[in-house]
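Asker: Quick one: the structure is below, and I'll ask about it shortly.
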Amino acid sequence: MKYEEIVADLKAGKYAPIYFLSGEESYFLDDIATRIEKNALTEDEKAFNQTILYGNDVSMTTVTDTARRFPMMSQRQVVIVKEAQNIRDFENLLPYIDHLQPTTILVFLYKNKKPDKRKGIFKKLSSSSHCIYFESAKLYDNKIPDWIISYCKDKKYMISLKAAGILAESLGNDLSKVANELDKLMLLLPGGGEIKENLVEEHTGISKEFNTFELTAAIIQMDHLKANRIVNYFEANPKNNPLVLTISMLFRYFLNLLTYHYQKKSTPNQQEMARLLGINPYFLKDYTEGAKRYNAMKCANIISWLREYDLKSKGVGNASISDGELLKELIFKIMH
(Lines give C-alpha, C1' and ligand atoms only; values in the text may rest on other atoms or scores of the structure.)
Protein backbone atom coordinates (compact mmCIF):
# COMPACT_ATOMS: atom_id res chain seq x y z
CA MET A 1 0.00 0.00 0.00
CA LYS A 2 1.30 3.47 -0.86
CA TYR A 3 1.98 6.16 1.71
CA GLU A 4 -0.61 8.49 0.16
CA GLU A 5 -3.27 5.78 0.34
CA ILE A 6 -2.51 5.04 3.98
CA VAL A 7 -2.69 8.73 4.87
CA ALA A 8 -5.97 9.12 2.98
CA ASP A 9 -7.50 6.25 4.98
CA LEU A 10 -6.23 7.68 8.26
CA LYS A 11 -7.72 11.08 7.43
CA ALA A 12 -11.02 9.32 6.76
CA GLY A 13 -10.83 7.55 10.12
CA LYS A 14 -10.22 4.11 8.59
CA TYR A 15 -7.81 2.09 10.73
CA ALA A 16 -6.35 -1.37 10.27
CA PRO A 17 -5.73 -3.80 13.16
CA ILE A 18 -1.97 -4.00 12.43
CA TYR A 19 0.53 -1.62 10.83
CA PHE A 20 4.02 -2.89 10.00
CA LEU A 21 6.10 0.13 8.98
CA SER A 22 9.65 -0.39 7.74
CA GLY A 23 12.15 1.05 5.27
CA GLU A 24 14.94 3.54 4.72
CA GLU A 25 12.97 6.81 4.88
CA SER A 26 11.98 7.20 8.52
CA TYR A 27 9.96 10.37 7.86
CA PHE A 28 7.09 8.43 6.28
CA LEU A 29 7.11 5.82 9.04
CA ASP A 30 7.07 8.44 11.80
CA ASP A 31 4.37 10.44 10.04
CA ILE A 32 2.00 7.47 9.78
CA ALA A 33 2.59 6.48 13.40
CA THR A 34 2.16 10.07 14.59
CA ARG A 35 -1.14 10.44 12.73
CA ILE A 36 -2.45 7.31 14.46
CA GLU A 37 -1.10 8.40 17.85
CA LYS A 38 -2.69 11.85 17.60
CA ASN A 39 -6.03 11.04 16.01
CA ALA A 40 -7.16 7.46 16.68
CA LEU A 41 -8.18 8.33 20.25
CA THR A 42 -9.52 11.42 21.95
CA GLU A 43 -7.36 13.08 24.59
CA ASP A 44 -9.51 11.61 27.35
CA GLU A 45 -9.25 8.11 25.88
CA LYS A 46 -5.46 8.18 25.56
CA ALA A 47 -4.77 7.96 29.30
CA PHE A 48 -6.05 4.36 29.54
CA ASN A 49 -5.97 3.19 25.94
CA GLN A 50 -2.69 4.30 24.39
CA THR A 51 0.52 2.40 25.08
CA ILE A 52 4.02 3.11 23.74
CA LEU A 53 6.48 0.20 23.92
CA TYR A 54 10.14 -0.06 22.88
CA GLY A 55 11.67 -3.10 21.22
CA ASN A 56 14.74 -3.03 23.45
CA ASP A 57 12.60 -3.36 26.56
CA VAL A 58 9.90 -5.89 25.64
CA SER A 59 9.38 -9.33 24.17
CA MET A 60 6.77 -10.08 21.54
CA THR A 61 4.80 -11.93 24.19
CA THR A 62 4.52 -8.69 26.16
CA VAL A 63 3.44 -6.86 23.00
CA THR A 64 0.71 -9.37 22.12
CA ASP A 65 -0.50 -9.58 25.72
CA THR A 66 -0.88 -5.79 25.70
CA ALA A 67 -2.62 -5.87 22.30
CA ARG A 68 -5.15 -8.47 23.49
CA ARG A 69 -6.49 -6.24 26.25
CA PHE A 70 -9.91 -4.71 25.87
CA PRO A 71 -10.17 -0.90 25.68
CA MET A 72 -11.48 1.01 28.70
CA MET A 73 -14.41 3.33 28.04
CA SER A 74 -13.40 3.58 24.39
CA GLN A 75 -14.08 1.83 21.11
CA ARG A 76 -10.42 1.00 20.62
CA GLN A 77 -6.92 1.04 22.07
CA VAL A 78 -3.63 1.93 20.36
CA VAL A 79 -0.35 0.09 20.95
CA ILE A 80 2.73 1.55 19.23
CA VAL A 81 5.96 -0.45 19.28
CA LYS A 82 9.00 1.71 18.52
CA GLU A 83 12.41 0.19 17.68
CA ALA A 84 10.53 -3.01 16.80
CA GLN A 85 13.57 -4.28 14.87
CA ASN A 86 15.18 -5.03 18.26
CA ILE A 87 12.52 -7.56 19.31
CA ARG A 88 14.22 -10.95 19.21
CA ASP A 89 11.17 -13.24 19.27
CA PHE A 90 9.26 -11.59 16.40
CA GLU A 91 7.96 -14.99 15.26
CA ASN A 92 5.75 -15.04 18.36
CA LEU A 93 3.52 -12.49 16.64
CA LEU A 94 2.21 -15.22 14.29
CA PRO A 95 -0.57 -16.53 16.57
CA TYR A 96 -1.82 -12.99 17.20
CA ILE A 97 -2.24 -12.28 13.48
CA ASP A 98 -4.60 -15.25 13.17
CA HIS A 99 -6.52 -14.38 16.35
CA LEU A 100 -6.11 -10.65 16.72
CA GLN A 101 -8.00 -8.25 18.94
CA PRO A 102 -10.22 -6.24 16.54
CA THR A 103 -10.50 -3.30 18.96
CA THR A 104 -6.69 -2.80 18.98
CA ILE A 105 -4.57 -0.79 16.53
CA LEU A 106 -1.11 -2.34 16.77
CA VAL A 107 1.70 -0.35 15.13
CA PHE A 108 5.27 -1.58 14.57
CA LEU A 109 8.05 0.87 13.68
CA TYR A 110 10.77 -1.34 12.22
CA LYS A 111 13.66 0.99 11.34
CA ASN A 112 17.30 0.77 10.20
CA LYS A 113 17.00 -2.91 9.40
CA LYS A 114 15.38 -4.76 6.52
CA PRO A 115 12.88 -7.45 7.50
CA ASP A 116 13.95 -10.90 6.31
CA LYS A 117 11.09 -11.74 3.98
CA ARG A 118 12.11 -15.39 3.93
CA LYS A 119 10.85 -15.69 7.50
CA GLY A 120 7.29 -16.80 8.05
CA ILE A 121 6.32 -13.84 10.21
CA PHE A 122 7.17 -11.25 7.58
CA LYS A 123 5.53 -13.29 4.83
CA LYS A 124 2.42 -13.46 7.00
CA LEU A 125 2.43 -9.74 7.73
CA SER A 126 2.84 -8.82 4.07
CA SER A 127 0.01 -11.10 2.95
CA SER A 128 -2.51 -10.65 5.76
CA SER A 129 -5.64 -8.68 4.93
CA HIS A 130 -5.60 -7.41 8.53
CA CYS A 131 -2.18 -5.79 8.20
CA ILE A 132 -0.95 -2.65 6.43
CA TYR A 133 2.56 -3.64 5.37
CA PHE A 134 4.51 -0.57 4.27
CA GLU A 135 8.12 -0.27 3.16
CA SER A 136 9.46 3.24 2.76
CA ALA A 137 12.24 3.99 0.26
CA LYS A 138 14.48 7.05 0.24
CA LEU A 139 13.37 9.67 -2.27
CA TYR A 140 15.79 10.48 -5.06
CA ASP A 141 17.16 14.02 -4.90
CA ASN A 142 15.30 15.05 -8.04
CA LYS A 143 11.98 14.11 -6.39
CA ILE A 144 12.48 16.40 -3.38
CA PRO A 145 11.11 19.66 -4.95
CA ASP A 146 7.82 17.94 -5.83
CA TRP A 147 7.65 16.44 -2.35
CA ILE A 148 8.16 19.91 -0.83
CA ILE A 149 5.31 21.30 -2.95
CA SER A 150 3.06 18.39 -1.94
CA TYR A 151 3.97 18.78 1.75
CA CYS A 152 3.07 22.47 1.68
CA LYS A 153 -0.18 21.77 -0.16
CA ASP A 154 -1.16 19.20 2.48
CA LYS A 155 -0.63 21.91 5.12
CA LYS A 156 -2.77 24.40 3.13
CA TYR A 157 0.23 26.47 2.02
CA MET A 158 1.83 27.24 -1.33
CA ILE A 159 5.51 27.48 -2.20
CA SER A 160 7.12 28.90 -5.32
CA LEU A 161 8.90 26.36 -7.53
CA LYS A 162 12.12 28.31 -7.18
CA ALA A 163 11.90 28.33 -3.38
CA ALA A 164 11.22 24.58 -3.42
CA GLY A 165 14.22 24.06 -5.67
CA ILE A 166 16.51 26.14 -3.45
CA LEU A 167 15.43 24.26 -0.33
CA ALA A 168 15.88 20.90 -2.05
CA GLU A 169 19.34 21.77 -3.31
CA SER A 170 20.47 23.13 0.05
CA LEU A 171 18.92 20.64 2.48
CA GLY A 172 19.25 17.38 0.54
CA ASN A 173 16.93 14.39 0.88
CA ASP A 174 16.60 14.21 4.67
CA LEU A 175 12.82 14.70 4.70
CA SER A 176 12.61 15.22 8.45
CA LYS A 177 15.08 18.09 8.15
CA VAL A 178 13.25 19.58 5.17
CA ALA A 179 9.86 19.26 6.89
CA ASN A 180 11.24 20.94 10.01
CA GLU A 181 12.46 23.94 7.97
CA LEU A 182 9.13 24.17 6.15
CA ASP A 183 7.21 24.07 9.43
CA LYS A 184 9.30 26.98 10.72
CA LEU A 185 8.57 28.98 7.58
CA MET A 186 4.85 28.25 7.86
CA LEU A 187 4.77 29.72 11.35
CA LEU A 188 5.73 33.03 9.74
CA LEU A 189 2.67 32.87 7.46
CA PRO A 190 -0.27 32.23 9.76
CA GLY A 191 -3.47 31.30 7.98
CA GLY A 192 -1.78 30.09 4.82
CA GLY A 193 0.09 31.94 2.10
CA GLU A 194 2.98 31.33 -0.28
CA ILE A 195 6.55 30.61 0.74
CA LYS A 196 8.82 32.57 -1.59
CA GLU A 197 12.57 32.86 -2.04
CA ASN A 198 12.83 36.01 0.08
CA LEU A 199 11.30 34.25 3.07
CA VAL A 200 13.61 31.27 2.62
CA GLU A 201 16.70 33.49 2.51
CA GLU A 202 15.65 35.64 5.46
CA HIS A 203 14.82 32.85 7.87
CA THR A 204 16.94 29.82 6.91
CA GLY A 205 20.30 31.35 6.09
CA ILE A 206 20.11 29.89 2.57
CA SER A 207 20.98 32.57 0.04
CA LYS A 208 18.49 33.01 -2.80
CA GLU A 209 21.31 34.27 -5.05
CA PHE A 210 24.32 32.19 -4.05
CA ASN A 211 23.39 28.50 -4.21
CA THR A 212 23.89 25.55 -6.54
CA PHE A 213 20.44 26.17 -8.01
CA GLU A 214 21.54 29.62 -9.21
CA LEU A 215 25.02 28.39 -10.20
CA THR A 216 23.44 25.83 -12.50
CA ALA A 217 21.22 28.54 -13.97
CA ALA A 218 24.26 30.77 -14.61
CA ILE A 219 26.06 27.89 -16.34
CA ILE A 220 23.00 27.17 -18.50
CA GLN A 221 22.78 30.83 -19.54
CA MET A 222 26.55 31.14 -20.01
CA ASP A 223 26.48 34.04 -17.53
CA HIS A 224 30.19 34.12 -16.63
CA LEU A 225 29.92 37.08 -14.26
CA LYS A 226 27.13 35.53 -12.21
CA ALA A 227 28.84 32.13 -12.13
CA ASN A 228 32.11 33.67 -10.91
CA ARG A 229 30.30 35.65 -8.20
CA ILE A 230 28.65 32.47 -6.92
CA VAL A 231 31.91 30.52 -7.04
CA ASN A 232 33.65 33.26 -5.04
CA TYR A 233 30.83 33.16 -2.49
CA PHE A 234 31.17 29.38 -2.22
CA GLU A 235 34.92 29.73 -1.71
CA ALA A 236 34.35 32.23 1.12
CA ASN A 237 31.66 30.04 2.74
CA PRO A 238 32.89 26.45 2.27
CA LYS A 239 30.98 24.96 5.22
CA ASN A 240 27.61 26.00 3.82
CA ASN A 241 28.56 25.11 0.24
CA PRO A 242 30.63 21.91 0.21
CA LEU A 243 32.29 21.15 -3.11
CA VAL A 244 31.14 17.53 -3.10
CA LEU A 245 27.50 18.70 -3.01
CA THR A 246 28.03 21.23 -5.82
CA ILE A 247 29.66 18.57 -8.00
CA SER A 248 26.81 16.15 -7.26
CA MET A 249 24.17 18.68 -8.34
CA LEU A 250 26.03 19.57 -11.55
CA PHE A 251 26.63 15.91 -12.33
CA ARG A 252 22.91 15.19 -12.09
CA TYR A 253 22.07 18.12 -14.36
CA PHE A 254 24.55 17.25 -17.12
CA LEU A 255 23.75 13.55 -16.99
CA ASN A 256 20.09 14.49 -17.49
CA LEU A 257 21.06 16.92 -20.24
CA LEU A 258 22.95 14.16 -22.05
CA THR A 259 19.84 11.98 -21.77
CA TYR A 260 17.75 14.87 -23.11
CA HIS A 261 19.99 15.12 -26.20
CA TYR A 262 19.56 11.45 -27.04
CA GLN A 263 15.85 11.31 -26.28
CA LYS A 264 14.50 14.61 -27.64
CA LYS A 265 13.73 13.25 -31.12
CA SER A 266 11.99 10.12 -29.89
CA THR A 267 10.27 11.89 -26.96
CA PRO A 268 8.72 15.12 -28.27
CA ASN A 269 6.04 15.22 -25.59
CA GLN A 270 7.21 17.53 -22.77
CA GLN A 271 5.33 15.73 -20.01
CA GLU A 272 6.84 12.42 -21.07
CA MET A 273 10.32 13.96 -21.29
CA ALA A 274 9.99 15.42 -17.79
CA ARG A 275 8.91 12.01 -16.50
CA LEU A 276 11.87 10.38 -18.24
CA LEU A 277 14.30 12.86 -16.63
CA GLY A 278 12.57 12.58 -13.26
CA ILE A 279 11.89 16.31 -12.96
CA ASN A 280 8.96 18.67 -12.55
CA PRO A 281 7.84 19.82 -16.04
CA TYR A 282 8.50 23.41 -14.90
CA PHE A 283 12.25 22.69 -14.90
CA LEU A 284 12.27 21.25 -18.43
CA LYS A 285 13.14 24.70 -19.78
CA ASP A 286 16.55 24.36 -18.10
CA TYR A 287 17.23 21.44 -20.42
CA THR A 288 15.88 23.02 -23.60
CA GLU A 289 18.08 26.07 -22.89
CA GLY A 290 21.09 24.01 -21.83
CA ALA A 291 20.88 21.89 -24.97
CA LYS A 292 21.39 25.02 -27.09
CA ARG A 293 24.76 25.71 -25.47
CA TYR A 294 26.07 22.27 -24.52
CA ASN A 295 25.91 19.56 -27.18
CA ALA A 296 26.07 15.86 -26.37
CA MET A 297 29.86 15.66 -26.78
CA LYS A 298 30.37 18.64 -24.48
CA CYS A 299 28.05 17.05 -21.89
CA ALA A 300 30.07 13.82 -22.01
CA ASN A 301 33.29 15.78 -21.46
CA ILE A 302 31.75 17.73 -18.56
CA ILE A 303 30.59 14.51 -16.89
CA SER A 304 34.14 13.19 -17.18
CA TRP A 305 35.54 16.39 -15.61
CA LEU A 306 33.00 16.25 -12.79
CA ARG A 307 34.12 12.72 -11.95
CA GLU A 308 37.76 13.84 -12.05
CA TYR A 309 37.18 16.82 -9.76
CA ASP A 310 35.04 14.77 -7.40
CA LEU A 311 38.08 12.53 -6.86
CA LYS A 312 40.35 15.55 -6.46
CA SER A 313 38.01 17.03 -3.85
CA LYS A 314 38.49 13.80 -1.89
CA GLY A 315 42.27 14.04 -2.09
CA VAL A 316 42.88 11.64 -4.99
CA GLY A 317 45.69 13.10 -7.10
CA ASN A 318 45.45 16.38 -5.22
CA ALA A 319 47.62 17.20 -2.24
CA SER A 320 47.32 20.96 -1.91
CA ILE A 321 44.72 22.64 -4.14
CA SER A 322 41.81 24.06 -2.13
CA ASP A 323 38.17 23.26 -2.86
CA GLY A 324 37.63 26.87 -3.94
CA GLU A 325 40.39 26.68 -6.53
CA LEU A 326 39.16 23.30 -7.74
CA LEU A 327 35.68 24.73 -8.25
CA LYS A 328 37.05 27.71 -10.18
CA GLU A 329 38.99 25.39 -12.48
CA LEU A 330 35.99 23.15 -12.98
CA ILE A 331 33.51 25.93 -13.80
CA PHE A 332 36.02 27.53 -16.20
CA LYS A 333 36.34 24.21 -18.08
CA ILE A 334 32.58 23.73 -18.20
CA MET A 335 31.85 27.21 -19.56
CA HIS A 336 34.66 27.39 -22.14
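Asker: Here are ARG69, ARG88, ARG118: which of them is loosely packed, with under 12 Cβ neighbours inside 10 Å, assigned to a loop (DSSP other than H, G, I, E, B) and in contact (Cβ under 8 Å) with a residue 12 or more places away in the chain? If you could, list the steps in order and put the result at the bottom.
Answerer: On the way: ARG69 fails: loosely packed, with under 12 Cβ neighbours inside 10 Å; ARG118 fails: in contact (Cβ under 8 Å) with a residue 12 or more places away in the chain.
Going through ARG69, ARG88, ARG118 in turn, just one is loosely packed, with under 12 Cβ neighbours inside 10 Å, assigned to a loop (DSSP other than H, G, I, E, B) and in contact (Cβ under 8 Å) with a residue 12 or more places away in the chain: ARG88.
Asker: Just give me the residues in region 1-55 being more than 23 Å from ASP183 (Cβ to Cβ), assigned to a helix (DSSP H, G or I) and within 24 Å of the chain's Cα centre (by Cα), in sequence order.
Answerer: Matches in region 1-55: GLU5, ASP9.
Asker: While we're on this one: Going residue by residue through region 171-185, is there one that turns out to be within 21 Å of TYR309 (Cβ to Cβ) and open to solvent by less than 50 Å² (accessible area, probe 1.4 Å)? Break it down stepwise before answering.
Answerer: Just the residues of region 171-185 that are within 21 Å of TYR309 (Cβ to Cβ), to begin with: 172.
Keeping just the survivors that are open to solvent by less than 50 Å² (accessible area, probe 1.4 Å) gives 172.
Within region 171-185, one or more residues are within 21 Å of TYR309 (Cβ to Cβ) and open to solvent by less than 50 Å² (accessible area, probe 1.4 Å).
Asker: If the requirement is being open to solvent by 50 Å² or more (accessible area, probe 1.4 Å), hydrophobic (A, V, I, L, M, F, W, C) and in contact (Cβ under 8 Å) with a residue 12 or more places away in the chain, which of these qualifies: PHE283, PHE251?
Answerer: Details: PHE283 fails: open to solvent by 50 Å² or more (accessible area, probe 1.4 Å).
Matching residue, one of PHE283, PHE251: PHE251.
Asker: In region 136-146, which residue that is open to solvent by 30 Å² or more (accessible area, probe 1.4 Å) and either aliphatic (A, V, I, L, M) or part of a helix (DSSP H, G or I) (or both) is farthest from PHE251 (Cα to Cα)?
Answerer: Of region 136-146, the ones open to solvent by 30 Å² or more (accessible area, probe 1.4 Å) are 137-143, 146.
Pick out the ones that are also either aliphatic (A, V, I, L, M) or part of a helix (DSSP H, G or I) (or both) and you get 137, 139, 141-143, 146.
Numbers: ALA137: 23, LEU139: 18, ASP141: 12, ASN142: 12, LYS143: 16, ASP146: 20 Å.
By that ranking, first place goes to ALA137.
Asker: Follow-up question, since we're still on this one. Pick from THR259, THR246: which is hydroxyl-bearing (Ser, Thr, Tyr), touching a residue at least 12 places away in the same chain (Cβ under 8 Å) and closer than 24 Å to LYS314 by Cβ?
Answerer: Working: THR259 fails: closer than 24 Å to LYS314 by Cβ.
Testing whether each residue is hydroxyl-bearing (Ser, Thr, Tyr), touching a residue at least 12 places away in the same chain (Cβ under 8 Å) and closer than 24 Å to LYS314 by Cβ leaves just THR246.
Asker: Within region 311-336, track down each residue that is open to solvent by 70 Å² or more (accessible area, probe 1.4 Å) and within 29 Å of the chain's Cα centre (by Cα).
Answerer: Result: LEU311, LYS314, ASP323.
Asker: Looking for whichever is surrounded by 21 or more Cβ atoms within 10 Å (Cβ to Cβ), touching a helix residue (DSSP H, G or I) at 6+ places or on another chain (Cβ under 9 Å) and closer than 25 Å to LYS38 by Cα here; the options are TYR110, TYR133, TYR157. Which one fits?
Answerer: Unique residue meeting the criteria: TYR110.
Asker: Moving to a separate point now. Scan GLU308, GLU289 and give me the residue that is of a type in the set (Asp, Glu) and either exposed (fewer than 14 other Cβ atoms within 10 Å of the Cβ) or free of Cβ contacts under 8 Å to residues at least 24 places away in the same chain (or both).
Answerer: Details: GLU289 fails: either exposed (fewer than 14 other Cβ atoms within 10 Å of the Cβ) or free of Cβ contacts under 8 Å to residues at least 24 places away in the same chain (or both).
Exactly one residue qualifies, and that residue is GLU308.
Asker: So which residues in region 2-27 are farther than 19 Å from VAL78 by Cβ and either touching a Cys at 6+ places or on another chain (Cβ under 9 Å) or among the hydrophobic types (A, V, I, L, M, F, W, C) (or both), if there are any at all?
Answerer: ALA8
Asker: Continuing with the same structure: Which of the residues belonging to region 28-49 are more than 30 Å from ASN173 (Cα to Cα), buried (at least 18 other Cβ atoms within 10 Å of the Cβ) and out of contact with any Ser or Thr (no Cβ under 6 Å at 6 or more places or on another chain)? Give the steps one after another, and end with the answer.
Answerer: Taking region 28-49 and keeping what is more than 30 Å from ASN173 (Cα to Cα), we get 41-49.
Restricting the remaining residues to those that are buried (at least 18 other Cβ atoms within 10 Å of the Cβ) gives 41, 45, 49.
Listed by number, the list holds a single entry, LEU41.
Asker: For a quick check of your reading of the model, give me the residue pairs whose first member lies in region 262-273 and is of a type in the set (Gly, Ala, Ser), whose second is at pLDDT 90 or above and in a helix (DSSP H, G or I), with beta-carbon atoms closer than 7 Å and at least 6 apart or on different chains.
Answerer: none
Asker: What about LYS124, is it open to solvent by 40 Å² or more (accessible area, probe 1.4 Å), closer than 17 Å to LYS2 by Cα and either of a type outside the set (A, V, I, L, M) or in a strand (DSSP E or B) (or both)?
Answerer: Details: open to solvent by 40 Å² or more (accessible area, probe 1.4 Å): yes; closer than 17 Å to LYS2 by Cα: no; either of a type outside the set (A, V, I, L, M) or in a strand (DSSP E or B) (or both): yes.
Here the answer is no, as LYS124 does not meet what is asked.
The values are calculated or read from the model by the stated rules, or taken from the named source; none is laboratory data. Not measured: the values here are computed from a predicted model. Methodologically, a virtual Cβ is constructed for each residue, glycine included, from the backbone with ideal geometry; neighbour enumeration extends over all protein chains shown. Just so you know, the surface numbers come from the protein's heavy atoms only, side chains and all, with ligands and any DNA or RNA stripped out. Shrake-Rupley method; radii C 1.70, N 1.55, O 1.52, S 1.80 Å.
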